[in-house]
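Down below is the structure, laid out as structure tokens.
The values are calculated or read from the model by the stated rules, or taken from the named source; none is laboratory data. The model shown is predicted, which means the values in this text are computed figures rather than measured ones. Here the Cβ is made from the backbone with ideal geometry for all residues, glycine too, and neighbour counts use every protein chain on show.
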Amino acid sequence: MNKRQITLNLAQIVAIQAPAKIKYLEWGRGTGKSTVLAYFIVMMVKYMPKATFILVGNTYAQVLSNTLKSTKKALEFFGIYEDVDYVVGSSQGKRLGYSMPYEKPNHWNNIIHFSNGTVFQLVGLDNPNSSNGGRGINSSGILADEAALLDQEKLAINVKNTNRSFAKSTIHGENPFLFSETYVSSTPLTKKGKWFTDAEELAMREPDKIFFHKATAHWNLDNLRPDYFEYMKQSYSSDVIYNAEMLNIRPKEITDGFYPQLTEDHYYTNFDNDYLEGLVLNDVLKERESSSFNCKQDSDLIKSQPLIISVDWGANINAMTIHQQQDDIWRVLKEFFVKSPKILDHLFLEEFLPYYAPHQCKEVYFYYDRTGNNRVANSKMTFADQAKEIMEKNGWTVYMMTTGLNPSYMDKFRLINVALKEDGRGKMPKVRINKANCPNLIVSMEHAEAYDRGRGLEKDKRPEQRKGVEQEHATHLSDTFDYPFFSRWWDKFNGSGVGADDMPISSISLVS
């Protein structure tokens, strides 16, 4: 590896010089997280030739599509280049004359192999036992990207438990990277990430062992556009999201939210990692938006069953969620959205239809905001008609499910939160949301507040009124959850004893 002079920002220097082997870096967007991770990779390679490390993400799909891509770019900053200094997902390192690691992997699909024999195994917590992952690993250190998304228990059992191998690495004497752990993330937006921020208190109790550092892009202004913060402020749907992502101001826990019974127990991940591992890594990364990333990667999808789709339209965003009722479980499988200047057509033609092209049952039950039944100016068709026409032209059978007037917010609040509580009332299904495929839906629901304007309880829709900004964290996606769930379960909950499964399509109750 060639020597070169590099310049790091103050936050990166502070993190690098911290002597504690366990580091938590709560850094806002633009602070330089990818660069500091790449620095640690370079140093781990230098100090521990032939050792094995883990680079972990929330899901294997995330590691392939996001973490690895940014890591490659950051390594180039340090003069480390793919196919010269390292190879990814390939056994070609031996042919190029690379040294072999002390513990040779069974196969190389998820391996970054450096020329001196050091390897990093790419592990997703959704299936850490795949591709050499999980409890069989003997590693000498851990790097975690987007750490606030990680499941603390899975991280402990399937990854931290492997950080035990000396791998003959003590040849360099006192080794600052042997058994090191580095967790990097922006401030968590959901309850799931509380374990990450709780580490700040652990660091106060054991400063010699644990280092916790908070920083924002103010530490990195020399590498950013002069108006970076002003520019980014226009890109967030609310001050809460901007303050968390950019300024490291932790969101308050919403105790008076519209979904107070929603907890981490309602979330899950279920990718088909055999399918993902069968893809050629480099081809996938070059074609991130290609058909490789489609519903074939989703193990929670029943391929022979129709889809329930729900759409919320708007001038700034068109949002959609995909559902299936599977026995006694109501699954939210996937989210999609497009923002202005893209329109409704793009939501279907660029998002939904390509992703579900491999789905075997080309039938959808179509729920949506009732305004979709209003005539569009200068057109004989409604938004709902337009969406139906697009789907039918692409071979889908569409059952239109929305008519009539909105139910009250109070009725929706009662129904949904009784279901989320799972105490057996109303004979409703358990709600389960795919957290990897629906990250913005979860933020939308966890941050949806309830308030009373003198007309009874309502969902606070004011964040939607900010024009020209990203709206995926406002209440649009949460509304797409409400539409079909209320329609299918209100009558049974309200005492009629009749649910959606007992009724003809034309008789299902009205939605908002």
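Close contacts from the range 86-115, counting a first residue that is within 18 Å of Thr71 (Cβ to Cβ) and a second that is acidic (Asp, Glu) and modelled with pLDDT under 85, with Cβ to Cβ under 6 Å and a gap of 6+ residues or different chains, come to Asn109/Glu277. I'd like the residue in the range 31-66 that is among the basic types (Lys, Arg) and assigned to a helix (DSSP H, G or I) and, out of all such residues, is nearest to Cys438 (Cα to Cα). The selected residue is Lys33.
In this structure, is His213 at pLDDT 70 or above and in a helix (DSSP H, G or I)? Here the answer is no, as His213 does not meet what is asked. Does Asn440 satisfy being surrounded by 14 or more Cβ atoms within 10 Å (Cβ to Cβ) and not aromatic (Phe, Trp, Tyr)? Yes: the conditions hold for Asn440.
Could you list all residues from the range 267-291 that are surrounded by fewer than 19 Cβ atoms within 10 Å (Cβ to Cβ), at pLDDT 60 or above and among the hydroxyl-bearing types (Ser, Thr, Tyr)? Within the range 267-291, Tyr268, Tyr275 meet the criteria.
One residue stands out in the range 182-219 among those that are among the charged types (D, E, K, R) and in contact with a helix residue (DSSP H, G or I) (Cβ under 7 Å, 6 or more places away or on another chain): the one that is surrounded by the most Cβ atoms within 10 Å (Cβ to Cβ), namely Lys192. The set of residues in the range 478-512 being at pLDDT below 90 and basic (Lys, Arg) consists of Lys492 alone. Of the residues in the range 341-356, not one is assigned by TED's automatic domain parsing to the domain that holds Ser478 and within 16 Å of Pro484 (Cα to Cα). Scanning the range 376-385 for residues that are in a helix (DSSP H, G or I) and either under 30 Å from the mean Cα position of the chain (by Cα) or farther than 25 Å from Glu363 by Cα (or both) turns up Phe383, Ala384.
Among the residues of the range 392-435, those identified as modelled with pLDDT under 95, among the polar types (S, T, N, Q) and part of a loop (DSSP other than H, G, I, E, B) are Thr402, Thr403, Asn406, Ser408.
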